[in-house]
């Protein structure tokens, strides 16, 4: 009985995490029913991932910025600027596509250094600096493109946004073999990693989550990955951008969890003064954080441009808001110090599925905006309510 | 019965999982000064929040009678309307508004929605006169000191026609002079028929002005002592608070003093905003291995400023002077450099400068020495847990696991987390700024023990404190600081409170002449 109760108590502490998953599943099921099964059709799942990839990529960088207690409003414009530069380089300067990608990531880093300098070393609030950046980089985009669109891009470059890994089944097998192999591999890796971590915690006598909860989480994750694998394998296989996204999630989750850099980000967001007096080099950290955000925004810009096969002066408009919304739906705190990469990804998926489902249902964009706004408000209200109840802070 | 202005009967207040108050009863006589004391977390503040309606009627069990009528306060507004005003430990004044505006905040002197400034300032002047404050009511709050701000809070309470004034640790942030003035004022208001409830850790203050003292321990009333009836000693009150006889408030300690470990020469620091003002002037201090050195000074003497400017230039402008470690000059321009040279500074303000309250214990403990746990930038989280767990046990941090949030701990336990953090960074010299501020008697004793242990390990310890008895109780040598100047270097044998006070006030008097 007491074991059951302590399990319940534990779950109550994880309410936010569980709530987010339940919300995601509920939304998926809702659309699955109302769209008569279109939502979970292989082609739609594939599209969902591809079409939301750049917002999810942005959300990874954004959650780090927000955990540190800052914000970045410029990412939408940076996406456009990088897309424009990619277009100019490839079509006008005839730079090879791979070199253009490297150079564009470099541009992202420069953008980040520029903004990071004013924020970290000059002490201007990120809100102002990136608001200015939102305008400047939009302006630079239009200058670079001379207010024209650039198209088309070479196929190799487009693969980054809309390509798939090679089909090993030769297009004839009902399930694409490479995707199946990758899916099973990912499941195995995650399971082994989970078990190893639990064993290590046990060895160090850390009080751990209840076994039943651990097991159900493991099974849930495995089923989820295998389901997605099954659906993707039934269409055209693994999108290139899913591999990019997967790598980013794994690497940045690890960084935020276990690296000194990530820990220091939580430290300055949780209490800047205490972090300074603990010897954290807060200025350098903030600077690097924005450089990182710049590179990630550049990557999102490349993916987006590759996907549309178009560099457009109006590209990326409002992306910053989607990314910020994803981060807050994913449980980050407005005041900093709290948030996770996986949370931001789930938040981004919730927004993506809402967009996708409502579009299938033919809901007008005005109602889509309205509903997304209410979802964001509800998610944060739930957070605030939860915190007040548990008496943290 | 008619004598009592307030009777709280059998108050029980439960938070999820914790019984914060259990059958607490409190009777306060009209026109008396009633002190409440108890260890941190004993339930004093909770009881006052029940009384003032912060926890509305219905969220607790029990009964409150104010002026012989049962009352059911649903909010602070209700209790203030009845004449019960609470002044919190953290002052609730807006720094950018004037004294007068603050006094009438939420209670504006208005005519049809427009503020009557003449009336506001005139009424404010009258109230200021009652609390003995001569400042102009249009002065901004940020331009007056904490002591005066406290008086403005009381003036604000008077403007609400207060009958029962509740003061939560009113002198915690005040120096001795301001404290004495405040206590006089409370006494003076008593003469005007205002009843006061005062929560305080400072037993000498309770002795000085309280008529009764109620002791609360673990959410229960232990006893109410009549301060006039018998000779109630401080030891007697402490016994009630901790439930045991505290033989000595300071653990015995035989120092083993070695070579000089740190010396600061001609240290001068200017104010970060007012560049012409020297906050610390030509200070020379040193500490030897195994030695506990005190810095005594009144508020505003530059104690924290001295410490923080040495620790990575965290305070001040145009800092000059030299720092020697084991006889070799070192640079401590950044916090990282200071930590690298084996310095540690535990702040006087744990919540603002010491801890990440929304993070757990283990991550707070590892915060200053994360690289010790890291390999090529990656933190070994398991090792971190083991380290933190070790400190939880050795420092007696009362928390179920090291994954409890720092913000949920009591003051004493938070301080132990801060100390653990700096112990893990393995410094040679620790500067502890007000290490026992806001901490209950039992936990203080533990902190003193930790300080002794650090000295016995051969570290140099510098203790900054507002409480002279504390410095006299634990230090091997004490510097007196006045207006940024070191005015005396007093060995333990010669140190008395009177002797030190003479030097702590020395410069100030000369300036007045």
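If you take the residues in the range A:235-271 that are in contact with a strand residue (DSSP E or B) (Cβ under 7 Å, 6 or more places away or on another chain) and in a loop (DSSP other than H, G, I, E, B), which one is nearest to residue A:346 (Cα to Cα)?
Step one: list which residues in the range A:235-271 are in contact with a strand residue (DSSP E or B) (Cβ under 7 Å, 6 or more places away or on another chain), which gives A:236-240, A:258-260, A:263.
Of the ones still in play, those that are also in a loop (DSSP other than H, G, I, E, B) are A:236-238.
On the way: A:236: 24, A:237: 22, A:238: 20 Å.
Going through the qualifying residues, I end up with A:238.
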Report summary line: Residue count, the range A:272-291, condition buried (at least 20 other Cβ atoms within 10 Å of the Cβ), at the interface with chain B (Cβ under 7 Å from one of its Cβ atoms) and not in a helix (DSSP H, G or I), comes to 2
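Taking the options A:181, A:192, name whichever one is more than 14 Å from chain B (Cβ to nearest Cβ) and farther than 25 Å from residue A:303 by Cβ.
A:192
Going through A:339, A:318, A:330 one at a time, which residue ends up being more than 14 Å from every other protein chain (Cβ to nearest Cβ), crowded, with 24+ Cβ neighbours inside 10 Å and either touching a residue at least 40 places away in the same chain (Cβ under 8 Å) or farther than 16 Å from residue A:54 by Cα (or both)?
Working: A:339 fails: more than 14 Å from every other protein chain (Cβ to nearest Cβ); A:318 fails: crowded, with 24+ Cβ neighbours inside 10 Å.
It is A:330.
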Report task. Specify the residue that is surrounded by the most Cβ atoms within 10 Å (Cβ to Cβ); the eligible residues are those in the range B:125-140 that are outside any helix (DSSP H, G or I) and over 27 Å from the mean Cα position of the chain (by Cα). Result -> B:137
Report summary line: Inside the range B:55-103, the number of residues satisfying the requirement of being in contact (Cβ under 8 Å) with a residue 12 or more places away in the chain, on the phi < 0 side of the Ramachandran plot and not in a loop (DSSP other than H, G, I, E, B) is 21
Report summary line: Pairing a residue in the range B:491-504 that is touching a residue at least 12 places away in the same chain (Cβ under 8 Å) with any residue that is surrounded by fewer than 15 Cβ atoms within 10 Å (Cβ to Cβ), where Cβ atoms lie under 9 Å and the two sit 6 or more apart in sequence or on different chains, gives B:497/B:469
Query raised in the report: With (1) in contact with a helix residue (DSSP H, G or I) (Cβ under 9 Å, 6 or more places away or on another chain); (2) surrounded by 15 or more Cβ atoms within 10 Å (Cβ to Cβ); (3) closer than 30 Å to residue A:387 by Cα as the list, and residue B:12 as the residue in question, which single condition is left unmet?
Result: (1)
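Taking the condition more than 11 Å from every other protein chain (Cβ to nearest Cβ), in contact (Cβ under 8 Å) with a residue 40 or more places away in the chain and at positive phi, does residue B:327 pass?
On the way: more than 11 Å from every other protein chain (Cβ to nearest Cβ): yes; in contact (Cβ under 8 Å) with a residue 40 or more places away in the chain: yes; at positive phi: yes.
Yes, satisfied.
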Query raised in the report: If you scan the range A:73-109, which residues turn out to be in contact with a helix residue (DSSP H, G or I) (Cβ under 7 Å, 6 or more places away or on another chain), over 20 Å from residue A:148 (Cα atoms) and assigned to a helix (DSSP H, G or I)?
Result: A:75, A:97, A:101, A:103, A:105, A:107, A:108, A:109
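Yes/no per residue for (1) in a helix (DSSP H, G or I); (2) buried (at least 19 other Cβ atoms within 10 Å of the Cβ); (3) modelled with pLDDT of 90 or more:
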| residue | (1), (2), (3) |
| --- | --- |
| A:343 | yes, yes, yes |
| A:347 | yes, yes, yes |
| A:362 | no, no, yes |
| A:371 | yes, no, yes |
| A:381 | yes, no, no |
| A:388 | yes, no, no |
Query raised in the report: Cβ-Cβ below 9 Å, separation at least six or inter-chain, first residue in the range B:213-238 and farther than 13 Å from residue B:47 by Cβ and outside the structural domain of residue B:32 (by TED's automatic domain parsing), second in a helix (DSSP H, G or I) and at pLDDT below 85: which pairs?
Result: none
Requested in this report: Return a yes/no flag: does the range A:240-256 have any residue that is surrounded by fewer than 19 Cβ atoms within 10 Å (Cβ to Cβ) and within 10 Å of another protein chain (Cβ to nearest Cβ).
Outcome: yes
**Report entry** the range B:331-351, subset surrounded by fewer than 22 Cβ atoms within 10 Å (Cβ to Cβ) and part of a helix (DSSP H, G or I), residue nearest to the other protein chains (Cβ to nearest Cβ)
**Finding:** B:336
Query raised in the report: Checking residue B:179 against (1) closer than 30 Å to residue B:430 by Cα; (2) in contact with a strand residue (DSSP E or B) (Cβ under 8 Å, 6 or more places away or on another chain), which single condition isn't satisfied?
Result: (2)
Requested in this report: Would you mind stating whether residue B:122 is without any contact (Cβ under 8 Å) to a residue 40 or more places away in the chain, loosely packed, with under 15 Cβ neighbours inside 10 Å and in the same structural domain as residue B:192 (by TED's automatic domain parsing)?
Outcome: yes
Query raised in the report: within 17 Å of the chain's Cα centre (by Cα), closer than 30 Å to residue B:38 by Cβ and outside any strand (DSSP E or B): does that describe residue B:172?
Result: yes
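Go through B:222, B:216 for me and flag whichever is at pLDDT below 90 and within 22 Å of residue B:85 (Cα to Cα). Give the derivation first.
Numbers: B:222 fails: within 22 Å of residue B:85 (Cα to Cα).
None of the other options fit; the residue is B:216.
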**Report entry** Selection count where residues are within 14 Å of chain B (Cβ to nearest Cβ) and in contact (Cβ under 8 Å) with a residue 12 or more places away in the chain, scope the range A:195-233
**Finding:** 2
Report task. Name the one entry in A:188, A:182 that is farther than 22 Å from residue A:349 by Cβ, within 24 Å of the chain's Cα centre (by Cα) and not assigned by TED's automatic domain parsing to the domain that holds residue A:111. Result -> A:188
Query raised in the report: Regarding residue A:139, is this residue surrounded by fewer than 16 Cβ atoms within 10 Å (Cβ to Cβ) and within 21 Å of residue A:56 (Cα to Cα)?
Result: no
Report summary line: residue A:137 passes all but one of the listed conditions (1) within 30 Å of residue A:318 (Cα to Cα); (2) not in a helix (DSSP H, G or I); the exception is number (2)
Report task. Could you tell me whether residue B:256 is in a loop (DSSP other than H, G, I, E, B) and under 17 Å from residue B:313 (Cα atoms)? Result -> no
Query raised in the report: Looking at the range B:352-439, what helices (runs of 4 or more DSSP H) fall wholly within it and have at least 2 residues that are without any contact (Cβ under 8 Å) to a residue 12 or more places away in the chain and within 11 Å of chain A (Cβ to nearest Cβ)?
Result: B:381-394
Report task. Answer yes or no: is there a residue in the range B:104-116 that is assigned to a strand (DSSP E or B), in contact with a helix residue (DSSP H, G or I) (Cβ under 9 Å, 6 or more places away or on another chain), within 22 Å of residue B:13 (Cβ to Cβ) and assigned by TED's automatic domain parsing to the domain that holds residue B:151. Result -> no
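Checking the conditions here, which among B:49, B:19, B:13 is touching a strand residue (DSSP E or B) at 6+ places or on another chain (Cβ under 9 Å), within 14 Å of another protein chain (Cβ to nearest Cβ) and either in a loop (DSSP other than H, G, I, E, B) or in contact (Cβ under 8 Å) with a residue 40 or more places away in the chain (or both)? If you could, list the steps in order and put the result at the bottom.
Details: B:49 fails: either in a loop (DSSP other than H, G, I, E, B) or in contact (Cβ under 8 Å) with a residue 40 or more places away in the chain (or both); B:19 fails: within 14 Å of another protein chain (Cβ to nearest Cβ).
The conditions single out B:13.
The values are calculated or read from the model by the stated rules, or taken from the named source; none is laboratory data. Only a predicted model underlies this, so the values are computations on that prediction, with no experimental measurement involved. Cβ: placed from backbone, ideal geometry, glycine included. Neighbour counts: every protein chain shown.
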